[in-house]
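The values are calculated or read from the model by the stated rules, or taken from the named source; none is laboratory data. Just so you know, these numbers come straight off a predicted model, no measurement behind them. Neighbour counts are summed over all protein chains in view; Cβ atoms, including those assigned to glycine, are modelled from backbone coordinates with ideal geometry. What goes into the accessible areas is simple: the full protein's heavy atoms, side chains included, and nothing from ligands, DNA or RNA. Shrake-Rupley method; radii C 1.70, N 1.55, O 1.52, S 1.80 Å.
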Amino acid sequence: MKAFTIDVSICNGCRNCQIACKDEHVDNDWRPYAAKEPEIGAFWIKVEEKTRGQVPWVRVAYTPVLCSHCTDAPCVAACSYGAFERRDDGFLILSPEKCQGCGSCVPACPSHAIYFNDELNIAQKCTGCAHLLDNGWTEPRCVDVCPTSALKLIDIPDEGAIPEGAEVLPGLEGAQPHAFYFNLPKRFIAGTAVDPDEREVIIGATVSISSARDGAVLEMKTDEFGDFKFDQIEPDVYALSIVAPGFEAVSMEVDVTEIDRSVGDIFMSAVA
């Protein structure tokens with residue numbers, strides 16, 4: 001049973017996967033697997049880009065998104081014409097011959113991975129490059145060109161099996177998708193402890209955050225630059241505190257329910 005894995009932490013946003021997909025499918029008719037893909041307006045795999053945090057802690061996360069070839073796919077349930085075909089290897093094919101152009105499958109996909117081809121009046125999506133796999137290739141074009149191996153094609157033992165440490169895209173829980181993600185961006189809190197009198201950073205200060213939801217506490221020391229960063233934490237409101245010998249403790253509330261937060265330079269006053 002075939003499945004994709006995507007490690008977001010090593011995707012560098014090169015978009016080679018998007019380009020290779022276009023190269024393979026634009027102006028190429030691979031029926032019965034797929035009709036030609038439009039040059040613009042559709043990405044059977046796309047790299048979503050999200051800017052996180054604020055200056056000076058700004059990060060960009062890249063997340064490749066493609067059809068997850070779900071076993072219990074919402075798009076299949078929405079189709080009244082039986083246009084979807086499940087292969088023995090697990091890939092879900094949207095037949096260009098059986099599709100009647102009703103478009104009901106497009107909004108049904110939680111990850112927005114199905115596109116409507118206005119010229120051909122059919123819906124289309126990733127095929128897993130099944131036409132290549134059936135003719136000697138061992139992996140789809142997107143996987144073949146990924147320079148960091150962020151994209152891989154693996155074998156899973158059975159439907160519903162999830163690789164250890166992986167998760168699925170939001171909205172696909174329970175759909176038994178065949179695309180698994182590692183290191184999907186959560187939230188971060190970052191900042192720098194500073195001694196304003198000496199105009200120096202504070203190394204080795206103890207920084208802790210406490211979750212308002214469940215009281216869980218995380219702790220770390222500031223590094224040689226006075227920096228700290230709590231990464232991949234759950235969206236929540238946190239009580240942050242910084243303690244360092246010879247300085248008054250600092251406490252604040254940090255809300256990362258919606259976005260990541262850079263709290264900037266935190267000035268700590270020396271104990272009188």
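The residues of region 175-197 that are open to solvent by 40 Å² or more (accessible area, probe 1.4 Å), charged (D, E, K, R) and out of contact with any Pro (no Cβ under 9 Å at 6 or more places or on another chain) amount to a single one, Asp197. Note on region 198-220: among residues that are open to solvent by less than 30 Å² (accessible area, probe 1.4 Å) and of a type in the set (S, T, N, Q), the one that is nearest to Ile259 (Cα to Cα) is Ser211. Residues in region 128-174 that are surrounded by 15 or more Cβ atoms within 10 Å (Cβ to Cβ), in contact (Cβ under 8 Å) with a residue 60 or more places away in the chain, assigned to a loop (DSSP other than H, G, I, E, B) and touching a helix residue (DSSP H, G or I) at 6+ places or on another chain (Cβ under 8 Å): Cys129, Val145, Cys146, Ala150. Listed by position, the strands (runs of 3 or more DSSP E) inside region 37-91 whose residues that are free of Cβ contacts under 8 Å to residues at least 24 places away in the same chain and buried (at least 20 other Cβ atoms within 10 Å of the Cβ) number at least 1 are 84-86. Go through (1) surrounded by fewer than 19 Cβ atoms within 10 Å (Cβ to Cβ); (2) polar (S, T, N, Q); (3) in a loop (DSSP other than H, G, I, E, B) one by one and return the number of the condition Gln18 breaks. Of everything listed in (1) surrounded by fewer than 19 Cβ atoms within 10 Å (Cβ to Cβ); (2) polar (S, T, N, Q); (3) in a loop (DSSP other than H, G, I, E, B), Gln18 misses just condition (3).
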